Amino acid sequence: MEKIALIDLGSNTARLVIYDVLDGGYFVVSEERREAVRLGETEADGSLKQTRIMQAIATLKTFKEMCVIKRVDKILAIATAAVRRASNQKTFLSDVYNATGIRVTVVSEEEEANYVYQGVINSMEIPRGMIMEIGGGSTKFVYYNRRSILHTKIFEFGAVTLSNMFMSQDKTPEQITDDMVAYVKEQLEQVEWFKEIDPDTQLIGVGGSCRNLARIIRKVKKYPLDMVHNYNMDVADFDYVFNMIRTLDLDKKRRIKGLSSARADVFPSALAVIKAFVDYMGFTKIVASGSGLREGVMFNYVVPQTLEKPISDVLGYSLHSFTYHMGVNVTHAEQTFNLCVQLFKQLRVLHKFPRMYVKVLRVCAMMHDIGKTFKFYNNPKHTSYMILNSNLYGISHKDLVLAAFVTDVNNKEEVNSTEWAKYNGILTTEDVEAVKKLSVILRLATALDFGMRSAVTEVSCDVLGDSVILKTELQGNANLELKAANAVAMDFKKVFRKNLEIL
């Protein structure tokens, strides 16, 4: 296993993320730290301020010390807009190297936009999207369709630079924000291809400001999941937050739950950009992405194929990253899913569920044993918790919650109504029946590979009157598997109202 440290020296924040790189082209975060450095606050001549330079170097020294302690094998360090535009860029990079031994690579605007795109396209199942990334010193828009970039636009203003541009002692916070919105709209009107955007396009918010916005809206709405990635925000909810924050002084903004105190002073500027764009384009929803530039860099480093072609199976890649990291028997997990799919298809005449539920079964099957990595006893309960907190890519929050319930219902009589009530805003009463039936399918598939040796290779089901005849194709001795499967017959009858006979 290789340990890689990625340092992202942005216009507002410096961030260190340490990744464990696993065999097979997977990576997981093992450590993270960030500090507000505000390199975007430059001198009148465009040079980086000396105080900010010293703060950045002190931060990088701390990051370097952490890398030594964590036994990092390689450091990748990148800098974006603030350093890219600085008139004293070369001096700054030289000072950083002499003080820390870290070589910082300054990425171009095109490279930065592409990294953001790579982070999104390899972590979300959105076929046509408009990526909006608001940094400290720049704002990027990337329009893509069918996993190909169609247009890119980078504006040389961000949360920090806008704050500096419109700072005034003579105006109220509301007036300053209104000026920002008007200015951004003027810039947007100069981009011709914005007028050609397909109405089915989804707006994807990337970056620290969008993540903070998602956290605030989740707090306001009392959303039950502590998860940013793939969180859908209504523009009406955004407007509520925007109109609230634009009136507050800095001290009150810092007390807002979900908002980083280090970002409080520049957050209204980021919201002004979002306000201008959603009003100008007419978007009604914003999907938050927890994956952006840093993840794009890592995808390109760990999975070089993504330089040419994005990951085609986002959920599969994410599941394998998680299961390999946790030491799960992946061969058994894949065989369990294979059997789940066969049973789902064979029993469709009884359950009548659409194919979308196969994604739920995939998560359940691949992760059904993961709770044992914590403790053998109550594995379903531990697994359910880990699914809910896995932040898997390529799956909706609803499907993730359903997968957690399907796993937890394993070995239980009924769905826990108290637990179910927590997710009323995500699940419906109709989903209860789906959870019960999918849970039995999962249990049956798990039993049919009880020995973790793929002894049962194929299954077929015939529905005859009050019975389901399940025929198995075997490879070697499968006595353990057939015995375990027969133990599921009683639960099968309760849920599907059919006797189960296994041949």
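None of the figures in this text is laboratory data; all of them are computed from the coordinates on show. Note that this is a predicted model, so its numbers are computed, not measured. Cβ sites come from the backbone with ideal geometry, for glycine too, and all protein chains shown count toward neighbours.
Listed values, structure above:
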read-out	value
Length gained when the stretch Asn243-Lys309 is fully extended (0.36 nm per residue, less Cα-Cα span)	19.6 nm
Mean residue ellipticity (222 nm) of the chain, computed from DSSP H runs ≥ 4 via -39,500 (n - 2.57), nearest 500	-14500 deg cm²/dmol
Efficiency of FRET between Val432 and Asn164 - r from beta-carbon atoms, R0 51 angstrom, step 0.05	0.40
Kirkwood Rh, angstrom, region 189-344 [1 / mean 1/r, Cα pairs]	18.5
DSSP beta bridge pairing in region 1-107, given as percent antiparallel to the nearest 5	70
Value of relative contact order over region 110-293, rounded to a whole percent, pairs C-alpha under 8 Å and six or more apart	31
Amide N of region 361-391 lying under 15 Å from the label point, which is placed 7 angstrom from the Cα of Glu414 along Cα→Cβ	none
Region 442-503: trypsin sites (Lys or Arg not before Pro) in DSSP coil with no more than 15 other Cβ atoms inside 10 Å	Arg497
Among the listed pairs Lys345/Lys381; Lys359/Lys398; Lys345/Lys471; Lys375/Lys483, those beyond 23 Å (Cα-Cα)	Lys345/Lys381; Lys375/Lys483
Average Cα contact separation per residue, the chain, under 8 Å, 6 or more apart, as relative contact order %	12
Candidates per trypsin sites (Lys or Arg not before Pro) in region 159-210, loop by DSSP, up to 13 other Cβ within 10 Å	Lys171
Chain lengthening between Arg453 and Ile69 when straightened (0.36 nm per residue, less Cα-Cα)	134.1 nm
Residues in region 198-214 that a label on Arg128 would reach, taking backbone N under 20 Å of a point 7 Å out along Cα→Cβ	198-205
The chain: C-alpha pair distances exceeding 42 Å, %	27
Descending semi-axes in whole angstrom, ellipsoid equivalent of region 257-397, from the Cα gyration tensor	35, 20, 18
Value of relative contact order over region 133-216, rounded to a whole percent, pairs C-alpha under 8 Å and six or more apart	29
Across Lys70/Lys285; Lys257/Lys285; Lys222/Lys437, pairs whose alpha-carbon gap is larger than 31 Å	Lys70/Lys285
0 to 90° range, to nearest 10: angle between helix 235-245 axis and the chain longest Cα axis	40
By average C-beta atoms within 10 angstrom, highest first, the peptides 239-245, 16-22, 444-450	444-450, 16-22, 239-245
